[in-house]
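A short write-up of the structure that comes next.
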Amino acid sequence: MTERLDGHTLLIGLMATPIRHSLSPTMHNEAFAKLGLDYAYLAFEVGNKELADAVQGLRALGIRGSNVSMPNKQAIIPYLDELSPAAELVGAVNTVTNLDGKGHLVGHVTDGTGAMRALKEEDVEIKNQIVTMTGAGGAGTAIAIQAALDGVKELRIFNIKDQQFKAAEETVEKINSKTDCKATLTDLSDQGAFKQSISESSIYIDATGCGMKPLEDVSLITDPEVIRPDLVIFDVVYIPKETKLLKFAKENGAKKTINGLGMMLYQGAEAFKLFTGEEMPVDYIKELLFKD
Ligand code: NAD
């Protein structure tokens, strides 16, 4: 690694808090090394309070780009110069580019396309399907909008009545007005409607973070009757690799259960392309990071 770093090395950042657990620095640095690209990727513990200064730092230091995660995905938008069409629609950013270090910062979102590619790699067809999903926060919104843009027929979102519910209403409105997908939003406490919706769906997506700390003991599906062999179950969580939901689904006969590792890999690969113009060597990275 050290012989790669010299006076020409370009820096890519990651701004979030907490962030020390992230796989992104290893993923990007290993990919740079594999391709012999003169870049380094470092994580910075940055919250909303430090964000304005940190973004100025990107400009001042000619940092070539940065990934952005919680709690900065929406908060960063006012500090940027431009948004990609998808980031504009989602209202969140997970990748910022600073092309040639010239200080013109463009916000992109790769979570939704990353999730769709992860499903495709598992041979899951989303076009013309009915999809039920829980969670319409940062990740859920990006997935919902991309799924609608990519041809899902009906998207039925269930969310608890928390502060996210209002934003979920806006997401549904956007999808219905700007895409051919029919989207609905229902309170997750209506368990009858939730089960009925899944019974009519071919894919269930959990984008809530249930199954991950501190909600590691939570699965939003607890009735074995809801699980069918032909129901694809996709949980965006990747730590642990098998959430309570995925374990329950497998035990009750689901044939295809997918965790968040693929989404993590492909959202990173797309960001890598935006930063460097090169394709991430995904098979190599998968082997390195995701082996059991
Ligand atoms: P967020 O806080 O923006 O959204 C969380 C959503 O879950 C909201 O809709 C909220 O209403 C809902 N929710 C929260 N607690 C709930 C509960 N107890 N029961 C039912 N619903 C509940 O979070 P986010 O940024 O969207 O992240 C969600 C998850 O997605 C996290 O686990 C994160 O690690 C994961 N994620 C994975 C990837 C990936 O690449 N695999 C990328 C981004 C996020």
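Residues in the chain average 47 Å² of solvent-accessible surface per residue, probe 1.4 Å, ligands and nucleic acids excluded. When the distances between all Cα atoms of the chain are binned every 10 Å from zero, what whole-number percent does each bin get? In order of increasing distance, the bins hold 6, 28, 34, 22, 8, 1, 0 percent. Shown for the chain: the carbon plus sulfur share of the solvent-accessible area, taken with all protein chains present and a 1.4 angstrom probe, equals 52%.
A simple rule links phi to the HN-Hα coupling: the Karplus curve 6.51 cos²θ - 1.76 cosθ + 1.60 with θ = phi - 60°, which for segment 206-218 gives 9, 10, 9, x, 5, x, 10, 3, x, 9, 5, 9, 9 Hz, with x for Gly and Pro. Potential lengthening of the chain between ASP123 and GLU170 amounts to 13.9 nm, from the contour at 0.36 nm per residue minus the alpha-carbon distance.
First check a/c for segment 144-292, with a ≥ b ≥ c the square roots of the eigenvalues of its C-alpha gyration tensor; if it is under 1.5, answer rounded, and if not, answer prolate when a/b is larger than b/c or oblate otherwise. Judged from the Cα gyration tensor, segment 144-292 comes out oblate (a/c at least 1.5, b/c at or above a/b).
Cross-linked pairs LYS153/LYS195; LYS120/LYS247; LYS120/LYS273; LYS161/LYS273; LYS166/LYS286: Cα-Cα separations exceed 26 Å for LYS161/LYS273; LYS166/LYS286.
Angle of helix 138-149 to the longest C-alpha principal axis of the chain, folded into 0 to 90 degrees and rounded to 10: 70°.
Applied to segment 83-91, the Karplus parametrisation 6.51 cos²θ - 1.76 cosθ + 1.60 on θ = phi - 60° returns per-residue 3J(HN,Hα) values of 10, 5, x, 5, 5, 4, 5, 6, x Hz, with x for Gly and Pro.
With a cut-off of 14 Å between beta carbons, the residues surrounding PHE165 carry a summed charge of -4, where Lys and Arg count +1 and Asp and Glu -1. Taking the Cα centre as origin and putting +1 on Lys and Arg beta-carbons and -1 on Asp and Glu beta-carbons, what dipole magnitude results for segment 203-292, to the nearest 20 debye? Here the size comes out at about 100 debye. Charge dipole of the chain (Cα centre as origin; +1 on each Lys and Arg Cβ, -1 on each Asp and Glu Cβ, all else neutral): 120 debye, rounded to the nearest 20. Sequentially through segment 239-245, phi angles give Karplus couplings (6.51, -1.76, 1.60; θ = phi - 60°) of 10, x, 5, 10, 6, 4, 4 Hz, Gly and Pro residues having no value and appearing as x. Taking 20 Å as the straight-line reach from the Cα of LYS49, the lysines in range (excluding those fewer than 8 positions away in the same chain) are LYS73.
The values are calculated or read from the model by the stated rules, or taken from the named source; none is laboratory data. In this text, all values refer to a predicted model and were calculated from it rather than measured experimentally. As a convention, Cβ positions derive from the backbone with ideal geometry for all residues, glycine included, and neighbour counts pool all protein chains shown. To get the accessible areas, we keep the full protein, side chains included, count just its heavy atoms, and leave off ligands, DNA and RNA. Shrake-Rupley method; radii C 1.70, N 1.55, O 1.52, S 1.80 Å.
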